[in-house]
Amino acid sequence: MGNNELDQLRERVDEVNLELLRLINERAQLVQEIGHVKGSQGVYRFDPVRERMMLDKIKQNNDGPFDNATIDHIFKEIFKAGLDLQKDDHKKALLVSRKKKPEDTIINLKGENIGDGKQHFVFGPCAVESYEQVATVAKAMKEKGLNLLRGGAYKPRTSPYDFQGLGVEGLKILKRVAAEYDMAVISEIVNPADIEMAAEYLDVIQIGARNMQNFELLKAAGAINKPVLLKRGLAATIEEFINAAEYIMAQGNGQIILCERGIRTYEKATRNTLDISAVPILKQETHLPVMVDVTHSTGRRDLLLPCAKAAIAIGADGVMAEVHPDPAVALSDAQQQMNLEQFDQFYSELIASNFVRI
Ligand code: PEP
Ligand code: MN
């Protein structure tokens, strides 16, 4: 074969490559259009029956030299790429995604900018039990220059016979302590009907792990102008977590802090398994600040400090942990809350670690 002939054949191959490229992209565009139509009709995008029909038709027309198995393989790849494109298209549209908004969302709470690249800390008791109990923790925090106080007024407990929280009384205590110590307060709300009322008392509405997919609650939290701290569900995937945040933002409220708090796995050494890699994934995929709750993820006091360090090292915007003046008599989570002395030690060791910026 002369060189000239080879060059000509290669030239033809180059032309065919470009023709294939054009056709593949033309097909992709059509698939995208189909995706939009299906999306607006609420129809599921993957249609195996239709794929089977397309493959059969292609193979019926296959005159070789490729055999049918090879043609099957090549076209299945093309179909799959088309389906992925439809999915990406959908992701692109998420309001919480980086694709939609490349800049970090920053949430101002009492002069602290959550999401600004520094670390922010939320401490306080598991449950609000009394004014004195909350004020004691608030005082210890304020002495350290800490401004973000937590405390549960509505406690979604595993057992209906366990302490359920003080309700509105608890919110009132939080508001009073916050005013006296000039702090921002975060507390969980469990009932969509309470959201507006609670917004009068709180600086941040927390949606707890057990309610991450309580869609009516998410929508109610999305309809107010108040920051929301959304915790990851006990067995929620990152995608489900991101979609839960999307429920809030879709209603107009983009002030959302995501909180990784451990997920349920087969591991029994810890209360839950802290999914530390969720932090950089959430930071990459969304523009929202991400915190790590080291108390509920580990359920172990001896793991609070190493896990808090890990959270910060991996890029978390903040850490949450529970502090109680006398954990032994706490009405909830007695096992895992820090007392004031342990809190002192935890916080001083944490900020001494060289990667903390406050
Ligand atoms: C809490 O933070 O008080 C709490 C109950 O946590 P979670 O919803 O993560 O279990
Ligand atoms: Mn707790």
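The values are calculated or read from the model by the stated rules, or taken from the named source; none is laboratory data. All values reported here derive from a predicted model rather than from experimental measurement. Neighbour counts are summed over all protein chains in view; Cβ atoms, including those assigned to glycine, are modelled from backbone coordinates with ideal geometry. When the accessible area is computed, the model is the full protein with side chains, heavy atoms only, and any ligands, DNA or RNA have been set aside. Shrake-Rupley method; radii C 1.70, N 1.55, O 1.52, S 1.80 Å.
Structural remarks
- Hits in region 290-338 - residues which are assigned to a loop (DSSP other than H, G, I, E, B) and farther than 21 Å from T158 by Cα: I314, G315, A316, D317, P325, D326
- Among (1) open to solvent by 10 Å² or more (accessible area, probe 1.4 Å); (2) closer than 25 Å to I358 by Cβ - the single one T298 does not satisfy: (1)
- Scanning region 320-358 for residues that are more than 15 Å from ligand 2 (Cβ to nearest atom), in contact (Cβ under 8 Å) with a residue 40 or more places away in the chain and either touching a His at 6+ places or on another chain (Cβ under 6 Å) or among the aliphatic types (A, V, I, L, M) (or both) yields L340, L350, V356, I358.
- A single entry from E322, E285 fulfils the requirement of being among the acidic types (D, E) and touching a Lys or Arg at 6+ places or on another chain (Cβ under 7 Å): E285.
- So I224, is it open to solvent by less than 50 Å² (accessible area, probe 1.4 Å), within 16 Å of ligand 2 (Cβ to nearest atom) and over 23 Å from I312 (Cβ atoms): no
- Residue check, K91 modelled with pLDDT under 95, assigned to a helix (DSSP H, G or I), out of contact with any Lys or Arg (no Cβ under 6 Å at 6 or more places or on another chain) and more than 16 Å from ligand 2 (Cβ to nearest atom): yes
- Residue among T158, T105, T70 that is modelled with pLDDT of 95 or more, open to solvent by 30 Å² or more (accessible area, probe 1.4 Å) and polar (S, T, N, Q): T70
- Some residue of region 202-216 being open to solvent by 40 Å² or more (accessible area, probe 1.4 Å), touching a strand residue (DSSP E or B) at 6+ places or on another chain (Cβ under 6 Å), without any contact (Cβ under 8 Å) to a residue 12 or more places away in the chain and within 16 Å of ligand 1 (Cβ to nearest atom): no
- Positions within region 150-173 being touching a Phe, Trp or Tyr at 6+ places or on another chain (Cβ under 9 Å), more than 13 Å from ligand 1 (Cβ to nearest atom) and part of a helix (DSSP H, G or I), in sequence order: V168, L171, K172, I173
- Within region 217-264, the residues that satisfy the criterion of being within 16 Å of ligand 1 (Cβ to nearest atom) and touching a residue at least 60 places away in the same chain (Cβ under 8 Å) are P227, L229, K231, A245, I256, I257, C259.
- If you go through region 174-203 and pick out every residue that is closer than 23 Å to E143 by Cα and assigned to a helix (DSSP H, G or I), you end up with 8.
- Scoring R300 on the criteria (1) in contact (Cβ under 8 Å) with a residue 12 or more places away in the chain; (2) within 14 Å of ligand 1 (Cβ to nearest atom) leaves a single failure, condition (2).
Quick grid of which residues meet (1) of a type outside the set (K, R); (2) surrounded by fewer than 22 Cβ atoms within 10 Å (Cβ to Cβ); (3) on the phi > 0 side of the Ramachandran plot:
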| position | (1), (2), (3) |
| --- | --- |
| V134 | yes, no, no |
| K139 | no, yes, no |
| G167 | yes, yes, yes |
| K172 | no, yes, no |
| D182 | yes, yes, yes |
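- Looking across region 151-166, the residues that are of a type outside the set (F, W, Y) and within 15 Å of G208 (Cβ to Cβ) come down to G151, G152, A153, K155, P156, R157, T158, D162, Q164, G165.
- Of all residues making up region 128-140, the number that are in contact (Cβ under 8 Å) with a residue 60 or more places away in the chain and within 16 Å of ligand 1 (Cβ to nearest atom): 3
- Just one of (1) of a type outside the set (F, W, Y); (2) over 34 Å from the mean Cα position of the chain (by Cα); (3) closer than 30 Å to S187 by Cα fails for D116. It is (2).
- Looking across region 1-42, the residues that are small (G, A, S), open to solvent by less than 80 Å² (accessible area, probe 1.4 Å) and at pLDDT below 90 come down to G2, G35, G39, G42.
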